[in-house]
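Before any comments, here is the structure.
No value in this document is a laboratory result; all are computed from the given coordinates. Everything numeric in this text was worked out from a predicted model, so none of it was measured. So basically every Cβ, Gly included, is an ideal-geometry build from the backbone, and we count neighbours across all protein chains shown.
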Amino acid sequence: MNSLTASAAIATGRVQLANVRQSALVTARLRALWIMLLFIFATLTACVRIAQLGLFERTPERASLAEALLPSRGEITDRNGVALARAFASYSLWFNPKALGEGGAPLVKTAEEVARALVGIFPDADYADLVARLKAGKPCYLRRRVLPEDANKVFALGEPALEFPREEQRFYPQGSLAAHVLGFVDEAGKGHVGMEQVLEPRLLDPVHRGTPTALSIDARAQGALEDELGRGMMETNAKGAAGLILDADSGEVIALASLPSFNPNRSDLAYNDLVFNRVSNQVYELGSTFKPITIASAIDAGVVTDLAVRYPATPLQIGRFTIHDSHNFGASLNVPEALIHSSNVVTAQVADKLGPVALKRTMEQLGMNERPTIELPARGFPLWPRGGGEGGKGDWARLTTMTVSYGHGIAVTPLHLAAAYAALVNGGIWRPATLYKVDPAHLPPGRRVFQASTSARLRQLLRMIVADGTGRKADAAGFRVGGKTGSAEKPGSGGYRKTSLIATFAAAFPMDKPRYVVIVMLDEPQATQQTSGQRTAAWNAAPIVGRLVPRIGPMLGVVPDAHHDVDISDLSPLVSSGEGE
Amino acid sequence: MMVSAHRFRSIGWIALLLVCAALVMVLAFRVNALRSQVHRTELQIVALRKEKLYLETEVETRANQQQLKLWNDVEFGYVAPTAGQYLANERQLAAFAKPDGPDTPAPIRVASADDAVAAEAAFPSVISDLAAVADISAPVARSDEDEDKPAARPADAAERAKATANLGARLAMVTSLKKDSKDSKDGKAKSDKASLAKSGKTAKDDAERSGKGAKLTAGKADNKPGKPAAAKSDKPAKTAKPAPKPAAKGSKSAP
């Protein structure tokens, strides 16, 4: 039993041993297999990674670079690439009452002292408001936009609670220059008034906002225009002024100014009356500046064929209404004389001969019956004289035709006038005004309003007005300026007001090949010493053009030349000297 | 023996694995290092571009049209050029040379000191600048030209005065001066070295600065070989102006 048991036990022990050996072998082999698999896997991984790194790895985060430099809002430049509006991280002045720790006074000095120092740095700041904000102990902006040097001065006050976070804001490096063209961006980042509003989708589009948008404006010409307009406005104590420089051939607006202006950098202050654009939004009766248009229409229609024909210049009675001239110019005047002296009577007679249909058609072709064509959102609708018939759409009455001929009874924006003068001098093609830079090879299609010969004749006449007539003060030496004055009384309650004038000078230069149209307008200029006690355009608006043209001409590629001028020898004998408006 | 061979192979495998792993790690580290370097560089680029834009904007703001106008009103008083300042074509230019008329008196000529003296006083300063620049910019061309025209160098003051009489001769003078300036520059450099050795490291910057100045003043001084040192000391050393070409070219036309 025992031996049997023992042998059985030995036998099972042997079997067990064999089993153990077997299983150990299997385990070892399995482990070896695992390790081999691990080796193969690791090697493969390494190979794949090497291949991946060597072959497919891209330069890291290339896209992020462009993204980091993409402005939050696209840049707007002038036609020469000068930045007019830019997204810019500028300093703000932030009051952080917890900068000195919780509890205790937020400021080192008293609030009054700090406020006084701040007013010393920012003279336009409100002392009482600053004291109130500093005392309130709530974190708030004290000022949105701070110049680095002012920030340094504030820093020197040694108040840790006054912080200067740099925030991406809309910045206009040129200050109030071309403010009405650009508009402004409010604190919510929305564009208002000018091209900021018009271009908003493009300026915010990630695809386009990396590249600056070029406007047709020339910053230098714009600066000169605003400067001269401002000077003219100051000299005449005028309420406001408007000015426009238009490329006569392409319709590009080179400069557009409406004064008084606003500062788009202070968007918090920009909501006010100054935002109103006198050039494109306000309509005026522009007076005598319409006379060349009437004469051109008459020459074009064949009504005026002989410029030597004389018309009576005595006051003209039409029904109950009498058309006067500003002075007595003698018994009769011919057309060149009528323009030089700015005679309402003769122009009215020419218009009478021309008839309402032709004059109205010319005015319509010049776009005087619709809002001005420009990209700006604020565009004024003209006061278009009512005709007879249904809805006032019929022909004008005889008196209406006559008053429209010298710019009364029709109110348009200075922009309308500029586009009309461009057509008058550029060979007769009317083109819409634009604020975008136009490629000279792809000019927008215009419409022919006057024949080229009419335009050539008008160039002579306009040059004569400046050389011998009411526009003499605009005669910048060598620039062959031509133009027409216009001094219209403003309508008030109970008829026209004798002392409230709109003085306009519509000019173009150089008259032998007109490149630019310049419109200068003063709103209610006063008679001052600088204007020799006069308030008409010949004494206030014309001198502005006379000073402006020599400043902008060379920059815009017009070289002054004293030996070069329009040939007016065929018209000179028709004109006797005399004084006009 | 068998076991040791087996173990040896295993160790070999492990070693190979470790080497592979190490290589992969090294590679991965290097790639990551390079990548973060690129990233840092990109960040630097972004920061610098922003800084550039910031400075650009600041300059534009400070120099905006209104500010320029104010400065012009107060400081400069520049006005737009008038018609008389433009010439439309060659014909207008030629019109200036036209004799006034058949019976006009001859132009009045004022008696004065020797022209050459005036020329000597007027021209050397200009020429020395050009010479100094030419010296820096075109050393090879200069040495060739010097060898070609060694006789062009004026020997004394009389010859000098004669040489200033026409443009070609003046430019020839440039040639000679350049050689002189080179010589003296070498001399000066030597003296600089000496001073450097003397005064040690602290004087290094000063020596370099004076060496730079000396290069230019040397060119200037050599215009007046016969003159005392006091005469040149009243003209301070100017920085070189970037207009080397005409001087280098002009010297070829020397007689």
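Assuming R0 = 60 Å, what is the FRET efficiency of B:ALA106 and A:ALA125, from their Cβ-Cβ distance, to the nearest 0.05? Kindly include the intermediate steps, with their values, before the conclusion.
Details: r = 73 Å, r/R0 = 1.22.
The computed FRET efficiency comes out at 0.25.
Mind pulling up the Rg/Rh value for chain A? Radius of gyration and Kirkwood radius, both on Cα. Write down the numbers at each step before the final one.
Working: Rg = 38.5 Å, Rh = 28.5 Å.
Rg/Rh for chain A comes to 1.35.
From the C-alpha coordinates alone, can you work out the Kirkwood hydrodynamic radius of the stretch A:93-228, in Å? Let's see the in-between values first.
Values: mean 1/r = 0.0568 Å⁻¹.
By the Kirkwood definition, the hydrodynamic radius is 17.6 Å.
Farthest toward the dipole's positive end in the stretch A:158-302, which of A:LEU246, A:VAL185, A:SER261, given Cβ charges of +1 (Lys, Arg) and -1 (Asp, Glu) about the Cα centre?
Result: A:LEU246, furthest along the dipole toward the positive end.
Which order do the peptides A:74-81, B:51-58, A:164-171 come out in when sorted by mean C-beta neighbours inside 10 angstrom, highest first?
Descending packing order for the listed peptides: A:74-81, A:164-171, B:51-58.
Can you pull the percent of Cα pairs in the stretch B:9-67 with separation above 15 Å? Could you put the intermediate results ahead of the total?
On the way: 1199 of 1711 pairs.
When all Cα pairs of the stretch B:9-67 are counted, 70 percent exceed 15 Å.
Provide the per-residue ³J(HN,Hα) series for the stretch A:309-320, in order, calculated from phi with Karplus coefficients 6.51, -1.76, 1.60 and θ = phi - 60°, each as a whole number of Hz, with x at glycine and proline positions.
Here the 3J(HN,Hα) series is 4, 9, 10, x, 10, 7, x, 10, 9, 10, x, 8 Hz.
Which trypsin sites (Lys or Arg not before Pro) in the stretch A:185-255 pass both tests, a DSSP loop state and at most 13 other beta-carbon atoms within 10 Å?
Values: sites: A:LYS190, A:ARG202, A:ARG209, A:ARG220, A:ARG231, A:LYS239; in loops: A:LYS190, A:ARG209, A:LYS239.
Taking the stretch A:185-255 and a limit of 13 other Cβ atoms within 10 Å, the loop trypsin sites (Lys or Arg not before Pro) found are A:LYS190.
From the phi of every residue in the stretch A:33-45, what ³J(HN,Hα) in whole Hz does the Karplus formula 6.51 cos²θ - 1.76 cosθ + 1.60 yield, where θ is phi - 60° and glycine or proline is x?
4, 4, 4, 5, 4, 4, 4, 4, 4, 4, 4, 4, 4
If amide hydrogens are placed 1.01 Å from N in the peptide plane, which non-local residues have theirs closer than 5 Å to the one on A:ALA214?
Result for A:ALA214 returns A:THR77.
With 10 angstrom as the radius, rank A:HIS442, A:HIS192 by how many other C-beta atoms surround their C-beta, starting from the fewest.
Details: A:HIS442 7, A:HIS192 17.
In increasing order of surrounding Cβ atoms, one gets A:HIS442, A:HIS192.
Give the average, rounded to an integer, of partner chain Cβ atoms located within 10 angstrom of each Cβ in B:17-27. Intermediate values should be presented prior to the final figure.
Numbers: counts 6, 0, 0, 6, 4, 0, 2, 8, 1, 0, 5.
Counting Cβ atoms of other protein chains within 10 Å of each residue's Cβ and averaging gives 3.
Around A:GLY191, what is the net charge, scoring Lys/Arg as +1 and Asp/Glu as -1 over all other residues with Cβ under 14 Å from its Cβ? Before the final figure, lay out each step's value.
Numbers: positive: A:ARG73, A:ARG86, A:ARG170, A:LYS190, A:ARG202, A:ARG209; negative: A:GLU75, A:ASP186, A:GLU187, A:GLU196, A:GLU200, A:ASP205, A:GLU375.
The answer is -1.
When Lys and Arg each count +1 and Asp and Glu each count -1, what net charge do the other residues less than 13 Å away from A:SER572, Cβ to Cβ, add up to? If you can, show how the numbers build up before the last one.
Working: positive: A:ARG463; negative: A:GLU337, A:ASP468, A:ASP565, A:ASP567, A:ASP570.
Here the count lands on -4.
Shielding of B:47-54 by partners, i.e. mean partner chain Cβ atoms within 10 Å per residue? Please report the intermediate quantities before stating the final value.
Working: counts 1, 0, 3, 5, 0, 0, 8, 5.
Counting Cβ atoms of other protein chains within 10 Å of each residue's Cβ and averaging gives 3.
What residues have an amide H closer than 5 Å to that of A:LEU142, excluding those fewer than 5 places away on the same chain, when H is modeled at 1.01 Å from N in the peptide plane?
Placed amide hydrogens put A:LEU93, A:TRP94, A:PHE95 under 5 Å from A:LEU142.
I'd like the mean, over residues of A:558-564, of how many other protein chain beta carbons sit within 10 Å of each residue's own Cβ.
Numbers: counts 0, 6, 8, 5, 4, 4, 2.
Across A:558-564, the average partner-chain Cβ count within 10 Å equals 4.
Give, as ranges by residue number, the residues of the stretch A:488-526 whose backbone N falls under 19 Å from the point 7 Å along Cα→Cβ of A:LYS239.
Only A:488-505, A:520-526 fall inside the zone, counting backbone N under 19 Å.
List the pairs from A:LYS109/B:LYS69; A:LYS98/A:LYS153; A:LYS239/A:LYS473 whose alpha-carbon separation is above 31 Å, in the order I gave them.
On the way: A:LYS109/B:LYS69 40 Å; A:LYS98/A:LYS153 21 Å; A:LYS239/A:LYS473 22 Å.
Too far apart for the 31 Å limit: A:LYS109/B:LYS69.
Which cross-chain or sequence-distant (5 or more) residues have an amide H under 5 Å from the amide H of A:GLU252, H modelled 1.01 Å from N in plane?
A:ASP247, A:THR434
Residue-wise, which Karplus ³J(HN,Hα) couplings in Hz belong to the stretch A:399-414, taking 6.51 cos²θ - 1.76 cosθ + 1.60, θ = phi - 60°, and x for glycine or proline?
Taking θ as phi minus 60°, the curve returns 5, 4, 4, 5, 6, 4, 4, 10, x, 10, x, 9, 10, 10, 7, x Hz for the stretch A:399-414.
Summing -39500 (n - 2.57) over the DSSP H runs of n ≥ 4 in chain A and dividing by its residue number, what mean residue ellipticity at 222 nm do you reach, to the nearest 500 deg cm²/dmol? Let's see the in-between values first.
Working: 17 runs with 211 residues, N = 581.
Rounded to the nearest 500, it is -11500 deg cm²/dmol.
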